[in-house]
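S.K.: Shown below is the structure under consideration.
The values are calculated or read from the model by the stated rules, or taken from the named source; none is laboratory data. All figures in this text were calculated on a predicted structure; none of them were measured in a lab. So basically every Cβ, Gly included, is an ideal-geometry build from the backbone, and we count neighbours across all protein chains shown. Side chains included, ligands, DNA and RNA excluded: accessible areas come from the protein's heavy atoms. Shrake-Rupley method; radii C 1.70, N 1.55, O 1.52, S 1.80 Å.
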Amino acid sequence: MDLIPALHAIVGEANVLVDRDVVATYERDWTGRFGAPATCVVRPADVDEVAAVLRACAAAGVPVVPQGGNTGLVGGGVPRAGGEVVLSLTRLDAIGDVDPALGVVEVGAGVTLGALQAAARAAGFEAGIDFGARDSCTVGGMVACDAGGARALRHGTARARVAGLEAVLADGTVVRRMAGLAKDNAGFALGQLLIGSEGTLGVVTRVLWRLVPRCDARVTALVPVASAADAAALLAALRAHAPSLESCEFFLDDGLSLVLDAQRRPSPLAQRAPAYVLAECAARTDPTEELAAALEAAGVEDALIADDSAGREGLWALREGHTEAINAAGVPHKMDVGVPLAQLGRFLERAPGAVAAAVPDVADVRTFLFGHLGDGNVHVNVLGPAPDDHRADDAVLELVLACGGTISAEHGVGVAKAGWLERARGAGEVAAMRAVKAALDPAGILNPGAVLPAPSAPAPATPGQPTRPARE
Ligand code: 2HG
Ligand code: ZN
């Protein structure tokens, strides 16, 4: 049977999208940098339909790219070779009742983070994760790429929130561990293997989400700082004096200017500084004094403090507005890296120069640095080079490895960094990953080209002899 009629028989004709204009919205990623034409978009309603779709695609030998809210930034959720089936999970949007004793809720892969947060809050809990794409990104995508966000400092990444998981393997086998048992060491933890595998080992269909207690008393501070060293000292003081610390973010002055222009508003700060730290404390009772004590210990004299939601949102918009403001200015090259805190100053100081040196022929190259200070997670966004010009990306990733960091902290590897995986993780680890992939998906149906570089990629450069890694 041809694939399209087979898919019609599984999900109904209305849920196999072939109209070019409609399919186009699933084919390109949020940055506009990655994408290729899909055969179709298929929208199953439940786990059985997901399994049947995977079996049909495997039988037809057509690769599948799982997709949630399509808010990914590394090309991991959109077609890349052309001709893939996009498997959209957005119809799996059921939210169960919160179990107050276990502090968990069962959510479908297509539930948005915003909907999960609302359900958690209504039951006296919080989701324990938050980031700017909350109204579009979905639970399946968050788990598949082990998303981080602005509260990972306190609550960990998506991995820490998964109490149970259901997924479909490449051959249509459903694996399910949803009882939420605190202790369960009967055999391999397959769910843990799937978290962060970016849809290459299985398709996440349902998650038992571990909630955190709701903290309604929140206070946020925006602190101008002179250097990365001052930012690190402030983080240390916050950790020491404010046990309610939930977020500690940073951005630089050129990013602030871009965001203020994009949002058409004046700076809320009387004095500008080279960099800014945005810190938030959250507790059951007012954490303002804790925060004030930490700021005093760090010698901070000049900070904007907001304890009401409008004021807090205004400060957060300065940090979260970076992604949209940068996208509005061009097609960005996005590197999402992690560096040890001791290396942060060196990395921030050298990254713009490394980028400029890598693309001397590109006029108006601009490098924006911002991110999650508390996690050593820096978002490097470069405007200027053409979308398929990888020299700036390579220079940044080279620098991050020299600083002892990681090429991917929270966005995933996708296709953007697949060519760098072996340099970052070493040949032995990548061979082990390939063995797992071959065992679970021998035909290579699931998200081929994401995470693991194409087997034909050249051997990795040894340190000191950089070569440009192959791209898919
Ligand atoms: C954030 O922290 C997101 O705002 C997006 O992870 C980062 O746009 C980016 O590079
Ligand atoms: Zn981030």
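S.K.: Please enumerate the residues belonging to the stretch 355-385 that are surrounded by 24 or more Cβ atoms within 10 Å (Cβ to Cβ), within 16 Å of ligand 2 (Cβ to nearest atom) and assigned to a helix (DSSP H, G or I).
M.R.: Of everything in the stretch 355-385, just one residue is surrounded by 24 or more Cβ atoms within 10 Å (Cβ to Cβ), within 16 Å of ligand 2 (Cβ to nearest atom) and assigned to a helix (DSSP H, G or I), namely Leu373.
S.K.: Find the strands (runs of 3 or more DSSP E) located wholly in the stretch 252-354 whose residues include 3 or more that are surrounded by 21 or more Cβ atoms within 10 Å (Cβ to Cβ), and list them. Walk me through it before giving the result.
M.R.: On the way: elements: 275-283, 304-306, 333-338.
Passing ranges, in order: 275-283, 333-338.
S.K.: Applying the selection to the stretch 35-54, what residues are open to solvent by less than 30 Å² (accessible area, probe 1.4 Å) and assigned to a loop (DSSP other than H, G, I, E, B)?
M.R.: Ala36, Ala38, Pro44
S.K.: Tell me the helices (runs of 4 or more DSSP H) entirely within the stretch 55-165 that contain at least 1 residues that are open to solvent by less than 40 Å² (accessible area, probe 1.4 Å), of a type outside the set (S, T, N, Q) and away from ligand 1 (no atom under 16 Å from the Cβ).
M.R.: On the way: elements: 113-122, 139-144, 152-155, 158-161.
Of the helices (runs of 4 or more DSSP H) lying wholly inside the stretch 55-165, those with at least 1 residues that are open to solvent by less than 40 Å² (accessible area, probe 1.4 Å), of a type outside the set (S, T, N, Q) and away from ligand 1 (no atom under 16 Å from the Cβ) span 113-122, 139-144, 158-161.
S.K.: Inspect all residues belonging to the stretch 315-337 and state whether any of them is in contact with a Cys (Cβ under 9 Å, 6 or more places away or on another chain) and modelled with pLDDT of 95 or more.
M.R.: Taking the stretch 315-337 as the starting set, the residues that turn out to be in contact with a Cys (Cβ under 9 Å, 6 or more places away or on another chain) are 337.
Filter again for modelled with pLDDT of 95 or more, leaving 337.
Within the stretch 315-337, one or more residues are in contact with a Cys (Cβ under 9 Å, 6 or more places away or on another chain) and modelled with pLDDT of 95 or more.
S.K.: Being more than 16 Å from ligand 1 (Cβ to nearest atom) and polar (S, T, N, Q) is the filter here, so list the residues in the stretch 277-334 that pass it.
M.R.: Within the stretch 277-334, the subset more than 16 Å from ligand 1 (Cβ to nearest atom) is 281-312, 314.
Once the filter is applied, which keeps residues that are more than 16 Å from ligand 1 (Cβ to nearest atom) and polar (S, T, N, Q), the stretch 277-334 yields Thr285, Thr288, Ser309.
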